[in-house]
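For reference, the structure is listed below as C-alpha cells.
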Amino acid sequence: MAQAMSAHLALVRVDYGYKYIKQIWFLVPPPCAGRNRCRCIGIFVVGIIFWGGFNTAMEATNSTEFCIGCHEMENNVYQEYKPTIHYSNRTGVRAGCPDCHVPRPWIHKVVRKIKASRELFYWATGKIDTPEKFEEHRLDLAKSVWSAMKTTDSRECRNCHNFESMNPEFQKPRARKQHMNSFETGQTCIDCHKGIAHHNVRDQLTDEELEAIEAPDPKYVREIPKEYLEGLARVEAKEAAMAAEAKAKMKRPLSVLLLR
Amino acid sequence: MEWILGRKHGGKRAFTKGDRCVECHGEETETIGQLIVSGESEKELEPNLIPGKRGSIPVTINATHDDEYLYLRFNWADGDHAPVPFVEGGKMDPENPMKLAFMVATDEVEYADRAGCWGTCHADADEMPFAPENQALKDSELAARLDLSAGVTKYLTESRTKIELKGRRGKALGGWDKLKSEGDLTAAMAANQYMDLVRYKSGADEVEDGQIMAERTMHGGQGAEVEASLKAGTWSVVVKRKLKSDQPGDVSIEPGKLYNFGFAIHDDFTNGRYHHVSLGYKLALDDDQAEINAVKQ
C-alpha cells in the first residue's frame, strides 16, 4: 500500500512538470510516456540553454564596454560623456550607455537590439568612422534619440529618475518651478534635458523642429506626486523662516534717517 | 526681451505662460550675474568683459509711507573700482560714480507683472547686439518722432506693431522701427501702458522723472526728492516721492493694489547698458504679499 502511494505521487509530479513545459513552450506533443517523456525533458533542457544563451548574448551587448568596443563610440560620445555627472558624481552611481539608450522591458529591449543591428551595417561601411563624419551626422543621431525619448515619455531617463522620488527640497527654485510646470503642462525629461551627456546640438535644430520636440504633450500631464508636494511645503516653510530672520536683522527704522 | 522670449532661454515657455523672473531666478541672481560678467555663461551673454566687475549687488530696500509720500531707502556696499578696458580712463561716466533708477507700472503694461525693467529692454537698443547703425537712425523718418540722438532707447511692446523674436534669414531682432501710429500711442498712454521712471545721478545730485512708452523720456513727471550718501563704504539712497500724481507718465500709488517695481544701479562710473538690473518685484502699501511692502508710520 505504501509503495503504491509513492508511485502515484511520482506520476503526479511528472504530470505537473509536463504542464509547466507546455505552458512555456506551447509544444503539444501527445502525453508523454516512456521514451517520449525523456524527449520532452530533453527539449525542456535545450530550451533553457537556448533561452539562457539568447539572453546571455543579449546582455553581453548591453554594457558600456561593449558599446565602446567600436572606436566610433569610444572616441566621440564616450569621451564627451566622461566629464559629465552621469559618468562620475558624488554618490558613485554611474549610468552607462545602456542605462540611457536601451529599454529595460524585455520586449522593447529585443526590438531595440534588432534595430541596433542596422548599426553594424553602418559600422561596416564606415558611416561615422572619423570625427568629421561623426560631426556630420551628429545632429541626426541626436534627433533620433530625442524623438525616441519624446515618444516614450523619456522611458530610459525614468530607469533611474522618477517624479515620485524627486524631492524639490534639494532643488533650486528654478528647477522646482520648472518641474511643477512640467507636471501641469505635460513635459517630459528630454524636453529640457538635452545634451547632458554629450555635446549639445540643440542649437542646430530649426525653430520648427524645436517647437515640435519641446512642445508639452497633454498625454504626459500627471498628477503632482504627494511626495513632491510635501517636499515643496517643507522647503517653502524653511525659506520663509530664513527670509523672516534676515528681514528682522536688517530692519532699521527708516524714519530716523529721514528726519535728520 | 528678445532673448527672454527666444529659443535659448530655458524659461521662455513658462515666462510666456505668466511665470515671473523672481520665481525662477530670485535666489540665484548672484550666480547668474557672475556667469554673465565673467563671460562664462554658456549663453554667451556678454562680449565686452570688464575684468574684476562684480556680477551682482545685494541691495536692501526699506519702504514706508505716510499717506502722502512714499519713502524708499536703498542700501548697498560700494565695490572696488574695476577700470573699463574699452574706455579711456576706465570710467564710462566720470561725473557720476553712481546712478540709480527705478520704474513703477501697473499690470496694464505687457510683461511688467513678471519682468520689471527687463520688459523695456530690447536687442536693438543702443549698444545692444542689433543696435542700428547711426546712419540708419539719421535716415529714418522716425527721427522726427523719436529722439534717436543717443541711439534706440528702452520701449514697450505696446508701442510697436511688430517685434522680431526669431531673427530668421538674418533679420535684426527687436522692433525699433515698427513704431505704431501717433493715435495708437496716445491711446496706449491713456490706458496706463507706460512705466514711470525716476533716475538719480550721484555726481550731479540730480533727480529726473520720466517714463517709458515709445521711448524713454526723462521729463514730464511730478519728480521726487533724493538724498544719497556714501559712508563707510555703504551707499544709502533715500527717495521721497508723492504717492499720488496728476502728471501724465506718473503712476499713482493707492492702498490695496499691487504695483510692478524694478530698479537698476549704474555702479562704478558705468553708463548705458552696463548696469545692474533688478528682477521685477511687487510694491504695495501695507500689504505683505508685496516683496516691497511700504508700511505706514
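The values are calculated or read from the model by the stated rules, or taken from the named source; none is laboratory data. Please read all numbers here as calculations on a predicted model, not as lab measurements. All Cβ positions, glycine included, derive from the backbone under ideal geometry; neighbour counts span all protein chains shown.
Checked against the criterion of being surrounded by 13 or more Cβ atoms within 10 Å (Cβ to Cβ), in contact with a Ser or Thr (Cβ under 8 Å, 6 or more places away or on another chain) and not basic (Lys, Arg), the candidates B:33, B:26 yield just one match: B:33. Across region B:62-107, the qualifying residues are those that are charged (D, E, K, R) and within 17 Å of the chain's Cα centre (by Cα), and the one among them that is farthest from residue B:197 (Cα to Cα) is B:107. Reported count of residues in region A:216-227, each being without any contact (Cβ under 8 Å) to a residue 24 or more places away in the chain and either within 14 Å of another protein chain (Cβ to nearest Cβ) or buried (at least 17 other Cβ atoms within 10 Å of the Cβ) (or both), is 0. Just one of the listed residues (A:124, A:142) is within 17 Å of the chain's Cα centre (by Cα) and either within 20 Å of residue A:222 (Cβ to Cβ) or not basic (Lys, Arg) (or both), and it is A:142.
Is there a residue in region B:23-36 that is more than 11 Å from chain A (Cβ to nearest Cβ), farther than 22 Å from residue B:234 by Cα and assigned to a loop (DSSP other than H, G, I, E, B)? Checking region B:23-36: not a single residue is more than 11 Å from chain A (Cβ to nearest Cβ), farther than 22 Å from residue B:234 by Cα and assigned to a loop (DSSP other than H, G, I, E, B). Kindly indicate whether residue A:120 is out of contact with any helix residue (DSSP H, G or I) (no Cβ under 9 Å at 6 or more places or on another chain), more than 14 Å from chain B (Cβ to nearest Cβ) and either of a type in the set (D, E, K, R) or in a helix (DSSP H, G or I) (or both). The answer is yes for residue A:120. Restricting region A:190-213 to residues that are polar (S, T, N, Q) and either within 11 Å of residue A:142 (Cβ to Cβ) or surrounded by 19 or more Cβ atoms within 10 Å (Cβ to Cβ) (or both) leaves a set whose member that is farthest from the other protein chains (Cβ to nearest Cβ) is A:204. When A:112, A:94 are checked against the criterion of being under 15 Å from residue A:197 (Cα atoms) and of a type in the set (Lys, Arg), a single residue qualifies: A:94.
Here residue B:181 fulfils each of the conditions (1) exposed (fewer than 15 other Cβ atoms within 10 Å of the Cβ); (2) at pLDDT below 95; (3) among the small types (Gly, Ala, Ser) apart from (2).
Conditions tested, residue by residue: (1) more than 20 Å from the chain's Cα centre (by Cα); (2) hydrophobic (A, V, I, L, M, F, W, C); (3) under 17 Å from residue B:199 (Cα atoms).
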{"site": "B:218", "(1), (2), (3)": "no, yes, yes"}
{"site": "B:221", "(1), (2), (3)": "no, no, yes"}
{"site": "B:225", "(1), (2), (3)": "no, no, yes"}
{"site": "B:230", "(1), (2), (3)": "yes, yes, no"}
{"site": "B:234", "(1), (2), (3)": "yes, no, no"}
{"site": "B:260", "(1), (2), (3)": "no, no, yes"}
{"site": "B:284", "(1), (2), (3)": "no, yes, no"}
{"site": "B:294", "(1), (2), (3)": "yes, yes, no"}
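Using the structure shown, decide if residue B:46 is more than 14 Å from chain A (Cβ to nearest Cβ), more than 30 Å from residue A:185 (Cβ to Cβ), modelled with pLDDT under 95 and within 18 Å of the chain's Cα centre (by Cα). When the stated conditions are applied, residue B:46 passes them.
For residue B:184, the criteria (1) over 17 Å from the mean Cα position of the chain (by Cα); (2) outside any helix (DSSP H, G or I); (3) of a type outside the set (Val, Ile, Thr) hold in every case but one, which is (2). Selection of first residues in region A:177-189 that are within 17 Å of residue A:231 (Cα to Cα) and within 9 Å of another protein chain (Cβ to nearest Cβ) and of second residues that are among the charged types (D, E, K, R) and not in a helix (DSSP H, G or I), restricted to Cβ pairs under 8 Å at least 6 apart or on distinct chains, gives the following pairs, ordered by first then second residue: A:177/B:19; A:181/B:19.
Annotation note: of B:225, B:182, B:215, B:206, the sole residue that is without any contact (Cβ under 8 Å) to a residue 12 or more places away in the chain and either within 14 Å of chain A (Cβ to nearest Cβ) or of a type outside the set (Val, Ile, Thr) (or both) is B:206.
For region B:1-13, the count of residues that are in contact with a strand residue (DSSP E or B) (Cβ under 9 Å, 6 or more places away or on another chain) and within 10 Å of chain A (Cβ to nearest Cβ) is zero.
When you scan region A:153-184, how many residues do you find that are assigned to a loop (DSSP other than H, G, I, E, B), more than 15 Å from the chain's Cα centre (by Cα) and farther than 11 Å from residue B:24 by Cβ? Before the answer, list the steps.
Of region A:153-184, the ones assigned to a loop (DSSP other than H, G, I, E, B) are A:153-156, A:160-162, A:166-167, A:171-172.
Next, only the ones that are more than 15 Å from the chain's Cα centre (by Cα) stay: A:166-167, A:171-172.
After this cut, where a residue has to be farther than 11 Å from residue B:24 by Cβ as well, the list is A:166-167, A:171.
Count: 3.
The residues listed here are B:124, B:107, B:139; of these, the one that is acidic (Asp, Glu) and closer than 28 Å to residue B:223 by Cβ is B:107. When restricted to residues that are assigned to a helix (DSSP H, G or I) and within 13 Å of residue A:76 (Cβ to Cβ), region A:124-152 contains 10.
Please work out if residue A:232 is touching a helix residue (DSSP H, G or I) at 6+ places or on another chain (Cβ under 6 Å) and either modelled with pLDDT of 95 or more or not in a loop (DSSP other than H, G, I, E, B) (or both).
Numbers: touching a helix residue (DSSP H, G or I) at 6+ places or on another chain (Cβ under 6 Å): yes; either modelled with pLDDT of 95 or more or not in a loop (DSSP other than H, G, I, E, B) (or both): yes.
When the stated conditions are applied, residue A:232 passes them.
The set of residues in region B:61-109 being surrounded by fewer than 15 Cβ atoms within 10 Å (Cβ to Cβ) and within 11 Å of chain A (Cβ to nearest Cβ) consists of B:66 alone. In this structure, residue B:190 does not qualify as among the small types (Gly, Ala, Ser) and under 20 Å from the mean Cα position of the chain (by Cα). Restricting A:165, A:154, A:117, A:144 to residues that are at positive phi and hydroxyl-bearing (Ser, Thr, Tyr) narrows the list to A:154.
Just to be sure before I move on: is residue B:229 in a strand (DSSP E or B) and small (Gly, Ala, Ser) in the structure I sent?
Working: in a strand (DSSP E or B): yes; small (Gly, Ala, Ser): yes.
Yes.
Restricting attention to region B:148-176, the residues being over 16 Å from residue B:111 (Cβ atoms) and under 18 Å from the mean Cα position of the chain (by Cα) number 5. Of all residues in region B:49-60, those satisfying the criterion of being surrounded by 12 or more Cβ atoms within 10 Å (Cβ to Cβ), out of contact with any His (no Cβ under 8 Å at 6 or more places or on another chain) and more than 10 Å from every other protein chain (Cβ to nearest Cβ) are B:49, B:50, B:52, B:53, B:54, B:55, B:59.
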